[in-house]
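Coordinate-derived values only; no laboratory data. This structure is a prediction, so every number in the text was calculated from the model and none was measured. Positions of Cβ are backbone-derived with ideal geometry, glycine not excepted, and every protein chain shown enters the neighbour counts.
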Amino acid sequence: MVLLESITIPLGTKMPFFQLKDPEGRLYRGEDQCGERGLLVVFTCNHCPYALAVWPRLIRLARYARNLKINTVAINPNINPQYPDDAPDKMIKKIEEWGIDFPYLVDESQEAARAFKAQCTPDIYLFNKNHGLVYHGRIDDNWQDEYKVTKEELKEALNNLATGQPLSPDQKPSMGCSIKWR
């Protein structure tokens, strides 16, 4: 396991185009997933301890965001024979087990991850309704123990986006396992 942080991407950067399938073969286009106020895109997987630790928070935040008219899409770039726990059939099991109620997509070619310049799982991007990047950082200040969280940066960013308030340019990078590049 190689620990990496997300890289700095200039705010305002346009969301890269992506067209991916879920593990059951349904096709999703990125621009069609945007809610009335924006889209949360998270590169994640099934096996990384960092991703596993924040999945419950991500699922809750996605529901919260939906009420703010911001949709969520998760993308798994770790489709790699050396990591069978991240295979599409295992994604189906996780969708059911965790109650994921937003698209969890397969980036088999890893082209989406490369276009977004994703580095780790999780790597988190929040775009406004015009597909401009407004937040690229961590979910909160304690990935290991959600009961010790003192600052919920992603939730704050969602609230500010939804209410038209400025988002802080001081964004702490997400961190997690490196994407399993092929």
Residue 31 versus residue 178: modelled label distance in nm, points set 7 Å from Cα along the beta carbon direction: 3.5 nm
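Using Cα-Cα distances under 8 Å and only pairs 6 or more residues apart, what relative contact order does the chain have, in percent? Don't skip to the end; give the middle numbers.
Details: 391 pairs, mean separation 60.0, N = 182.
Relative contact order of the chain: 33 percent.
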If neighbour count is taken as other Cβ atoms inside 10 Å, put 182, 37 in order from fewest to most. 182, 37
Please return the longest stretch of the chain lacking exposed loop sites, where GluC sites (Glu not before Pro) count only if DSSP places them in a loop and at most 13 other Cβ atoms lie within 10 Å. 37-182
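Once you have the Cα-Cα distance between residue 19 and residue 145, take 0.36 nm times their residue separation minus that, and quote the gain in nm to one decimal. Before the final figure, lay out each step's value.
Details: separation 126, 0.36 × 126 = 45.36 nm, distance 3.40 nm.
Extra length from residue 19 to residue 145 when fully extended: 42.0 nm.
Among the chymotrypsin sites (Phe, Trp or Tyr not before Pro) in the range 2-38, which ones are in a DSSP loop with at most 13 other Cβ atoms within 10 Å of the Cβ? Mind listing them? The partial results should precede the final answer.
On the way: sites: 17, 18, 28; in loops: 17, 18.
Hits after loop and neighbour filter: 17.
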Counting sequence-distant residues (5 or more places) and residues on other chains, those with an amide H built under 5 Å from that of residue 21 are 28, 106
